[in-house]
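Data first, discussion second: the structure below is written as structure tokens.
The values are calculated or read from the model by the stated rules, or taken from the named source; none is laboratory data. Please read these numbers as outputs of a predicted model, since none were measured by experiment. Cβ placement follows ideal geometry from the backbone for every residue including glycine, while neighbour counts extend to all protein chains displayed. To get the accessible areas, we keep the full protein, side chains included, count just its heavy atoms, and leave off ligands, DNA and RNA. Shrake-Rupley method; radii C 1.70, N 1.55, O 1.52, S 1.80 Å.
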Amino acid sequence: MSWFKFGFGKKKKDKPEEAEAETLIEDVTEGAVEADATVADDTLDDSHDEVAVEADEPTDVDEAPSAEPVATSEPAPEPEPEPETEPTGDVTSDTAPEPEPVIEAAPVPDPEPEPDAEPDAAPNDGVSEGSEKKGFFARIASGLKKTSSRFSDSVSAVFTQRKLDNDALEELEDLLIAADLGAATAARVTARLAKDKFDKDITPEEIKEALADVVAETLEPYAQPLDMSGDNPRIVLFVGVNGSGKTTTLGKIAVKMTREGANVVTAAGDTFRAAAVEQLEVWSKRAGATFLSRPIGSDAAGLAFDAVQQASETGADAVLFDTAGRLQNKTELMDELRKIVRVIRKIDDTAPHHVILVLDGTVGSNALSQAEAFMEAANVTGVIMTKLDGTAKGGALVQVAEKFKLPIHFIGIGEGEADLTAFDARAFARALAGLED
């Protein structure tokens, strides 16, 4: 699954200087290999001659035993060889053979600090512990466990050993709406089941399969990577209400982009919260991105202008601009967001190229009213839904996509960088329904 749609990595690797350097390295390597082969042949010839000489010399060694009886007969009465046999027990107690095994045991604890260094490396990359050990689907299924468990338990309680009649269909529709999937999705699921299974026995597994199919069909057209192709710099605004996870999401995306070769500028446009500025600065250092900020209370639109101008002058690939969290019903705050957009367009009339709405998955159907307000104020171009691992209302993403027809770039299913994953409609649908991949 692609994270982004761009070629930042390629343009930094396909340099003619690097191609020439690789050619020179290959030529030198081939020459070294030939030289080594010649030396090896000469060494083999010399070794055969040496072996032949050594084979003729053992006759001198046979005369050595005559000296051995002389040494054993005379030194025996001397006191020096006798103490060598008797003090063997005393030497073991007085001398240092005992500390020597202690010294040999000392290297054993040395490898123990090594595993301690591994967990420290994971947080530096922003990856939550254990997230790399899980596969793509396993992470999504784990993140959506609360939503799928709630739905699975309800379906199992209602549809165990039961025929699919009108009453059963009505109950199923209510369950789907309660799971924040929306009336339209609920109606399509029940219609599909009624067509094939009406007045027949139905299992909870069959209901889950029908739900997964409908959700996948609904979301598939909107599962799109973040398209960062085009003239640089690409300007991306992150908007949303307080606590939706905008700043963290921006930081994670900055890490992913720089890993693929992008030159990124991040700007802390939430000039009302010092914590947000500090948080984005930490993520920017982790990503190796250029970080811009202004004193608390400064004009966010002025910072946006400076960020776009600096990115243009330095040839940066992208500007990721954080905005202050604002409630969708606060007119003055939404007006400030419009001002940021107007100022950016003084430099680039095609910007911002993306306005990403970061939605908190825990708000359920309230995400619809949030999306509607930001659509009007900032012309939202795509959606990222976060905190799906902490809610049973993950079905709200289906409603948002269906109503606003917005691309879904990522979903957040944990706190680590690896837990911000590219959106996959089929995997999401099956995990939502509580099915295996």
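Accessible surface ranking for D153, D348, 1.4 angstrom probe, highest first: D153, D348.
What pairs in K285/K330; K285/K346; K197/K403; K163/K208; K246/K403 have C-alpha atoms more than 26 Å from each other?
Values: K285/K330 33 Å; K285/K346 29 Å; K197/K403 29 Å; K163/K208 16 Å; K246/K403 22 Å.
Going by Cα-Cα distance, K285/K330; K285/K346; K197/K403 fall outside the 26 Å limit.
Once the C-beta distance of E436 and D167 is scaled by a Förster radius of 30 Å, the resulting FRET efficiency is 0.50 to the nearest 0.05. Evaluating 6.51 cos²θ - 1.76 cosθ + 1.60 at θ = phi - 60° for every residue in the range 177-192, the Karplus couplings come out as 5, 5, 7, 6, 7, x, 5, 5, 5, 4, 5, 5, 5, 5, 5, 5 Hz, glycine and proline recorded as x.
Computed from backbone phi with θ = phi - 60° and the Karplus coefficients 6.51, -1.76 and 1.60, the 3J(HN,Hα) list for the range 401-408 is 5, 5, 7, 9, 6, 9, x, 10 Hz; x is used for glycine and proline.
Would you mind calculating the gained length between E332 and E372 on full extension (0.36 nm times residue separation, minus the Cα-Cα distance), in nm to one decimal?
Details: separation 40, 0.36 × 40 = 14.40 nm, distance 1.67 nm.
Taking 0.36 nm per residue and subtracting the Cα distance, the gain is 12.7 nm.
Ordered by 1.4 Å accessible area with all protein chains kept, K346, K246 run largest first as K346, K246.
Between the alpha-carbon centres of the range 328-352 and the range 167-227 there is a gap of 39 Å. Between D349 and S142, the simple spin-label model (points 7 angstrom out along Cα→Cβ) gives 5.0 nm.
Enter the accessible area per residue of the range 358-409 (Å², integer; probe 1.4 Å; all protein chains in place). Mind dumping the intermediate values first?
Working: 1550 Å² over 52 residues.
Normalised by residue count, the accessible surface of the range 358-409 is 30 Å².
Using a Förster distance of 35 angstrom, determine the FRET efficiency expected from the C-beta separation of E402 and K285, and round it to 0.05. After rounding to 0.05, the efficiency reads 0.35. Ignoring any ligand, DNA or RNA, what whole percent of the accessible area of the range 254-381 comes from carbon and sulfur when the probe is 1.4 angstrom? That share works out to 48 percent. Take the Cβ-Cβ distance between N379 and R192 as r, set R0 to 41 Å, and report the resulting FRET efficiency rounded to the nearest 0.05. Efficiency, rounded to the nearest 0.05: 0.70. Placing a pseudo-label 7 Å from each Cα along the Cα-to-Cβ vector at A275 and D199 gives an inter-label distance of 6.1 nm. Rounded, prolate or oblate: pick one for the range 269-351, where a ≥ b ≥ c are the square roots of the eigenvalues of its C-alpha gyration tensor, a/c under 1.5 means rounded, and failing that, prolate if a/b is larger than b/c, else oblate. Verdict is oblate for the range 269-351.
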